[in-house]
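One structure below.
The values are calculated or read from the model by the stated rules, or taken from the named source; none is laboratory data. Keep in mind that what you see is a predicted model, and the values were worked out from it rather than measured. When we count neighbours, we look across all protein chains shown, and the Cβ atoms used for this are built from the backbone with ideal geometry, even at glycine. Please note that ligands, DNA and RNA were not included when accessible areas were found on the heavy atoms of the full protein model with its side chains. Shrake-Rupley method; radii C 1.70, N 1.55, O 1.52, S 1.80 Å.
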Amino acid sequence: MSSAQRALSPLRRGAAALSVAALLTGGLAVGSGVAAADTACGTSATRVQNGAAGLVGIQLTKEVLGDGTVAPGGTVTYRTTVSTARGVPPLLRGIADYSPPGFVVESATVNGSAVTPAVNVDTRKASVSSGLGWLINGSNRAVFEITYRVPANAQVGTVHDSGAAMTPDLWGEQTWNPIGVCTTIRGKNAGEAVVGSVEGAGFGSSGPIANGSSGSSIINDPSGFIADIITQVIRNGS
């Protein structure tokens with residue numbers, strides 16, 4: 001490489017970084033995405049189980065948070081709420097979530113408190129239980145939220161149904177699998193794709209951005225993120 005080419009090399013890298021910066025600040029919506037396939041499923045579903053005499057009933061509602069789409073390698077959260085349908089149903093002993101193939105549990109909570117669900121990898125069932133049970137009465141509910149990591153090689157356009165279950169005391173487990181709450185794998189949006197390229201080029205991590213996370217440094221401090229890229233380009237070129 002000639003001395004002139006060596007002198008231009010850092011400038012070319014700087015121009016590439018500035019092109020990345022232009023993409024990030026040029027009106028491309030971070031966090032946007034359109035499902036690549038239609039599905040008969042929805043983003044929520046409700047099921048009701050009644051006692052033998054029909055005097056008491058307990059209701060389960062499952063929903064996928066957000067718009068029901070997720071990019072390969074991103075995360076998706078499902079929320080299952082068990083509440084009263086009529087009368088005073090038995091104590092609730094357990095709640096379970098059935099995930100699509102390849103989804104890996106990242107975290108879970110019950111009524112806002114962190115829990116570690118029992119996971120059956122064969123049935124893809126993640127369940128939580130309570131020895132004392134949860135009182136389901138009036139405003140008393142049990143809310144189970146679980147977040148999964150989607151496989152990085154998930155095929156764009158595929159639609160994945162899921163399931164849920166509840167175990168009222170004395171009634172046994174009531175299972176709906178599938179339940180009609182679906183997640184569609186979408187392509188990565190501009191922010192997700194650019195960040196992956198930047199990190200792969202050795203510019204370092206910019207923080208999480210899967211699903212357009214508001215915690216990303218690109219969103220919170222775009223000028224600082226761009227300055228960091230330019231600084232690293234200069235260092236790499238020196």
Would you please give the residues with an amide H less than 5 Å from that of ALA85, counting only those at least 5 places away or on a separate chain, with H modeled from the backbone geometry? GLY57, ILE58, GLN59
Restricting to Cα atoms and excluding each atom paired with itself, what does the Kirkwood estimate give for the range 44-189 in Å? 15.6
Report the accessible area of ARG124, computed with a 1.4 Å probe over the heavy atoms of all protein chains in place, in Å² rounded to the nearest 10. 100
What figure, in Å² to the nearest 10, do you get for the accessible area of THR46 with a 1.4 Å probe and non-protein molecules left out? 70
For ALA96, net neighbour charge (Lys/Arg +1, Asp/Glu -1) across residues whose Cβ lies under 12 Å away: +2
Apply the Karplus parameterisation 6.51 cos²θ - 1.76 cosθ + 1.60, with θ equal to phi minus 60°, to every residue of the range 45-60 and state each ³J(HN,Hα) to the nearest whole Hz, in sequence, with x for glycine and proline. 7, 10, 10, 10, 10, 9, x, 4, 8, x, 8, 10, x, 10, 10, 10
Placed amide H near VAL115: partners under 5 Å, 5+ positions off or other chain: ALA108, THR109, VAL110
I'd like the Karplus ³J(HN,Hα) series for the range 143-150: coefficients 6.51, -1.76, 1.60, θ = phi - 60°, whole numbers in Hz, and an x wherever there's a Gly or Pro. 10, 10, 10, 9, 10, 10, 9, 7
